[in-house]
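The structure appears below as structure tokens.
The values are calculated or read from the model by the stated rules, or taken from the named source; none is laboratory data. Keep in mind the model is a prediction, meaning the values are calculated, not measured. Here the Cβ is made from the backbone with ideal geometry for all residues, glycine too, and neighbour counts use every protein chain on show.
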């Protein structure tokens, strides 16, 4: 089981995808967890998600996926699992929040909310890591070589 979870090739392209996804999602997790970058912090996020009908445990899972999962992706620690968490968060965000606002981001402030184009890109990047593992320069690659 561990070998299947950690297995990867030393592919630098996969590593780039993994690191960029982690770096792009991390600030969103820090907004939710600590209130950095104009976010609501833990208390604000919990109440905001509750107002959308999302229970506290699922909100905590989303915060964990976006914050700890992003750090795990950056270093390539259990990359498949971290990417899966982020993909699920992006899918739920697309279906529950952003789909009614259409495809495009709200570049000109004319809509009530944001579209889901960003979320599709994040899901696609996450799928690359889920399928290929963490790639080069990852703890997963190091561990898989130790187990092999």
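Identify, from the list 126, 61, 93, the residue that is crowded, with 21+ Cβ neighbours inside 10 Å, closer than 19 Å to residue 27 by Cβ and either without any contact (Cβ under 8 Å) to a residue 24 or more places away in the chain or out of contact with any strand residue (DSSP E or B) (no Cβ under 9 Å at 6 or more places or on another chain) (or both). Can you show your working first?
On the way: 61 fails: crowded, with 21+ Cβ neighbours inside 10 Å; 93 fails: crowded, with 21+ Cβ neighbours inside 10 Å.
Residue meeting the stated conditions: 126.
Does the range 90-103 contain at least one residue that is assigned to a helix (DSSP H, G or I), touching a helix residue (DSSP H, G or I) at 6+ places or on another chain (Cβ under 9 Å) and at pLDDT 95 or above? Yes: the range 90-103 contains one or more residues that are assigned to a helix (DSSP H, G or I), touching a helix residue (DSSP H, G or I) at 6+ places or on another chain (Cβ under 9 Å) and at pLDDT 95 or above.
Of the residues 146, 121, 84, only one is surrounded by fewer than 14 Cβ atoms within 10 Å (Cβ to Cβ), at pLDDT 95 or above and part of a helix (DSSP H, G or I); which? It would help to see each step written out before you state the result.
Values: 146 fails: at pLDDT 95 or above; 84 fails: surrounded by fewer than 14 Cβ atoms within 10 Å (Cβ to Cβ).
Only one candidate passes the filter, namely 121.
Scan the range 9-51 for residues that are assigned to a loop (DSSP other than H, G, I, E, B) and touching a residue at least 60 places away in the same chain (Cβ under 8 Å) and the total you get is 3. Looking at 21, 68, 73, just one residue is modelled with pLDDT of 95 or more, surrounded by fewer than 19 Cβ atoms within 10 Å (Cβ to Cβ), closer than 27 Å to residue 5 by Cβ and within 14 Å of the chain's Cα centre (by Cα), and that residue is 68.
Every condition in (1) touching a helix residue (DSSP H, G or I) at 6+ places or on another chain (Cβ under 7 Å); (2) surrounded by 14 or more Cβ atoms within 10 Å (Cβ to Cβ); (3) closer than 14 Å to residue 126 by Cβ is met by residue 6 except one, and the failing one is (3). Summed over the range 49-58, the residues that are farther than 27 Å from residue 129 by Cβ and surrounded by 14 or more Cβ atoms within 10 Å (Cβ to Cβ) give a count of 0.
Annotation: residue 114 fulfils all but one of (1) under 23 Å from residue 48 (Cβ atoms); (2) touching a helix residue (DSSP H, G or I) at 6+ places or on another chain (Cβ under 7 Å); (3) not in a loop (DSSP other than H, G, I, E, B); the unmet one is (3).
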